[in-house]
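What follows is calculated from the coordinates using simple rules that are stated; it is not laboratory data. Remember, it's a predicted structure, so these values are computed and weren't measured experimentally.
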């Protein structure tokens, strides 16, 4: 059975570098279900909430280049990755995050020790603060990544850098 792991993301290549490092340092026979989660505040408008769609929100965030990089990473680590899922967390407190972890049966959270979150819009927020305060029975793994000027849009140079950097793991 695959180990379910949550990784907070800002849809930058740097967040995928954290995943790459985690996968490199995991045992060769391990299997993972990865949830790449992004925090997003919802509108207070009733009509917006009535017609809310995570799929539409992801399309509005324009993350096609990020999705391409995810596919490349999935192909490279095909033997370890059972599934990679991109999701939006829309809660607004620690309790909602606990429920999200329980509902998605998350067993481990992987966060970066030194990478700063770069919001992709004014409603984006970093899930790392919730992850570090979690009281759920999940393992927290901290990855130390070399910071090389992250960018929100993943162009070809950024994607190629995904396969050239070294990172360190700490727990």
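Things worth noting here:
- Span from the segment 13-70 Cα centroid across to the segment 83-108 one, whole angstrom: 11 Å
- Extension gain (nm, one decimal) between residue 74 and residue 51, 0.36 nm per residue minus Cα-Cα: 5.1 nm
- DSSP bridge pairs, segment 3-170: antiparallel proportion in percent, nearest 5: 20 percent
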